Amino acid sequence: MIHINDLTLSFHGNCILDKINIDVKPHEIVAIIGASGAGKSTLLRCLNLLEKPQVGNITIDNMSFDVSKAKRDHIVKFRQQTAMVFQQFNLFTQKNALENVMEGLLIVKKYSREKAERIAYQKLVEVGLVDRVNHYPKQLSGGQQQRVAIARALAMNPKVLLLDEPTSALDPELVGEVLATIKMAAKSGITMILVSHEMSFVHDIATRVLFLDKGQIIEDGPPSKVFLNPVQQRTRDFLSRYYSAMQMDYEI
Amino acid sequence: MPNIIDFGLIFTQIPTLLAYLPVTLFITIFSMLLGVILGLMIAIIKMNKIPVLTQIAALFVSFIRGTPLLVQLYLSFYGLPILLRYINYFFATDFNINGLPAMLFVLIAFSFNEAAYNSETIRAALQSVNKGQIEAAQSLGMTYSQVLRRIVIPEAFIVVLPNLGNTLIGLLKGTSLAFVCSVTEMTGRGKTLAGHSYRYFEVYISLALIYWALTILIELLVKYLEKRLTISDDKNTPSYRRGKWL
């Protein structure tokens, strides 16, 4: 369903992504893990062209995009196949929760106001915010904001949902509600690619884990394999460092 | 008590002056609207670094900000007819140069002046909008102009509002220079009034009071708008801040 071919992006001579090749099947839930600066977020942002790779080809559901021949209207069209959830929520601060979810439906999908409102309301019910439809972003907690953002993404009925560290900016006690919402979306069968540092969550939800290191995918497999029996030494180092950090948390 | 100052006259001539308030307000509002639209266009040109247009815009802003408003009014007043004469000559058109209304020169001068000053504050406001929101809008599949119209401009408007209030006040008082293009607005009318009564001081006191009152009104209006557009932090009672007219 998604084919990424030779995706390469360098920034000021530094190679951030080095000939990435990934194939994702429908309904797969792919988690990208790796150290900071490995290029995880950049890779995700390339998929909806918020970053402009220099070389490569991305195909999503038969719609192919050659990044070196990017045209403005083609970019806009291509983006409509994916929806993105950001680390910093990025809700529209001047619009309330309902208007946030409606925006894409009205402007991009050109739905009537009634239809957009009905879908938006339905999505907010699904993420458990029925009593927050009239609240503005700054009147919502971080977890609620992120749930609105997920509703906004899902309302667009995307072929792929992209999540860029959706819980990294949240207070620990708010992480759970957002993870539960993502899980709910996962159960609906949508194809998902997420970048996350929540290893236990990744283990729990992902059907496939990619380990990204220095712009290359060096590990690719189901979570049981990548977490318990990684092939590469670098993956083992990363995971052991991660687990020891977790243990220190508990000891304190 | 000697009749050095005619206190009664200060107030009794206010209605006569106010008869020309519509002219003052027309110049102010028209120039403000056109100034904001042109200023927005210049800001967008500069932000996107559109070749040639950016340089022209930079030159325009630099010139307008570097020359007195009074000089700009004279340039408009004397320059436009000359420009038309050239156009008539080179394009064999037949514009009636003497038929140009004086108001046109005034509106052009004030609008351009406003546009130059507004362009910088508008640009700063547009650039203050959080990049994350722009990315979120783009990722929904919105085009550049949709993002600008639906997300960036509404947000920037709140930032730029106090500044626009300031320039509006400056503009209102600036309109008192319109008489140099032989447009009679409030101050112009005051001059002719004083010319008859020789009560110059009283007229200028009356004018000062009117401008002052108008300025206070504008300040109140801007404060009200700001209050209406600001979202409260209260989590329990969300603000339904948008009324029917906004």
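Among the residues of the stretch A:96-130, those that are among the hydroxyl-bearing types (Ser, Thr, Tyr) and open to solvent by 60 Å² or more (accessible area, probe 1.4 Å) comprise A:Tyr111, A:Tyr121.
Taking the conditions exactly as written (of a type in the set (D, E, K, R), within 11 Å of another protein chain (Cβ to nearest Cβ) and under 20 Å from the mean Cα position of the chain (by Cα)), does A:Glu103 satisfy them or not? For A:Glu103, the condition - of a type in the set (D, E, K, R), within 11 Å of another protein chain (Cβ to nearest Cβ) and under 20 Å from the mean Cα position of the chain (by Cα) - is met.
Which one of these is within 30 Å of B:Leu25 (Cα to Cα), of a type outside the set (A, V, I, L, M) and out of contact with any strand residue (DSSP E or B) (no Cβ under 6 Å at 6 or more places or on another chain): B:Gln72, B:Gln133?
Unique residue meeting the criteria: B:Gln72.
Residues satisfying the criterion are present in the stretch A:114-134 (criterion: among the basic types (Lys, Arg), within 14 Å of chain B (Cβ to nearest Cβ) and farther than 27 Å from A:Ser41 by Cα). Once the stretch A:53-67 is narrowed to residues that are in a loop (DSSP other than H, G, I, E, B) and over 8 Å from A:Leu9 (Cβ atoms), the residue that is least open to solvent (accessible area, probe 1.4 Å) is A:Asp61. Flag not set for A:Leu9, criterion: open to solvent by less than 20 Å² (accessible area, probe 1.4 Å), modelled with pLDDT of 85 or more and out of contact with any helix residue (DSSP H, G or I) (no Cβ under 7 Å at 6 or more places or on another chain).
Listed here are the residues, each with its yes/no results for (1) within 30 Å of B:Ile205 (Cα to Cα); (2) assigned to a loop (DSSP other than H, G, I, E, B); (3) modelled with pLDDT of 95 or more.
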residue	(1), (2), (3)
B:Phe30	yes, no, yes
B:Ala57	no, no, yes
B:Tyr78	no, no, no
B:Pro81	no, no, no
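Inspection of the stretch B:172-184 finds a residue satisfying the criterion of being surrounded by fewer than 19 Cβ atoms within 10 Å (Cβ to Cβ) and under 18 Å from B:Glu219 (Cβ atoms). Screening A:Thr167 with (1) hydroxyl-bearing (Ser, Thr, Tyr); (2) surrounded by fewer than 20 Cβ atoms within 10 Å (Cβ to Cβ); (3) part of a loop (DSSP other than H, G, I, E, B) gives one miss only, at (2). For B:Tyr117, the criteria (1) in contact with a Ser or Thr (Cβ under 7 Å, 6 or more places away or on another chain); (2) open to solvent by 80 Å² or more (accessible area, probe 1.4 Å); (3) free of Cβ contacts under 8 Å to residues at least 24 places away in the same chain hold in every case but one, which is (3). Just one residue in the set B:Leu40, B:Leu70, B:Leu59 is closer than 26 Å to B:Ser176 by Cβ, open to solvent by 30 Å² or more (accessible area, probe 1.4 Å) and within 22 Å of the chain's Cα centre (by Cα); that residue is B:Leu70.
Please count how many residues of the stretch B:121-147 are facing chain A (nearest Cβ under 9 Å), outside any loop (DSSP other than H, G, I, E, B) and surrounded by 21 or more Cβ atoms within 10 Å (Cβ to Cβ). Residues in the stretch B:121-147 being facing chain A (nearest Cβ under 9 Å), outside any loop (DSSP other than H, G, I, E, B) and surrounded by 21 or more Cβ atoms within 10 Å (Cβ to Cβ): 5 in total.
The values are calculated or read from the model by the stated rules, or taken from the named source; none is laboratory data. Keep in mind it's a predicted model, so treat the numbers as computed, not measured. Glycine gets a Cβ as well: all are built from the backbone with ideal geometry, and neighbour counts include every protein chain shown. Just so you know, the surface numbers come from the protein's heavy atoms only, side chains and all, with ligands and any DNA or RNA stripped out. Shrake-Rupley method; radii C 1.70, N 1.55, O 1.52, S 1.80 Å.
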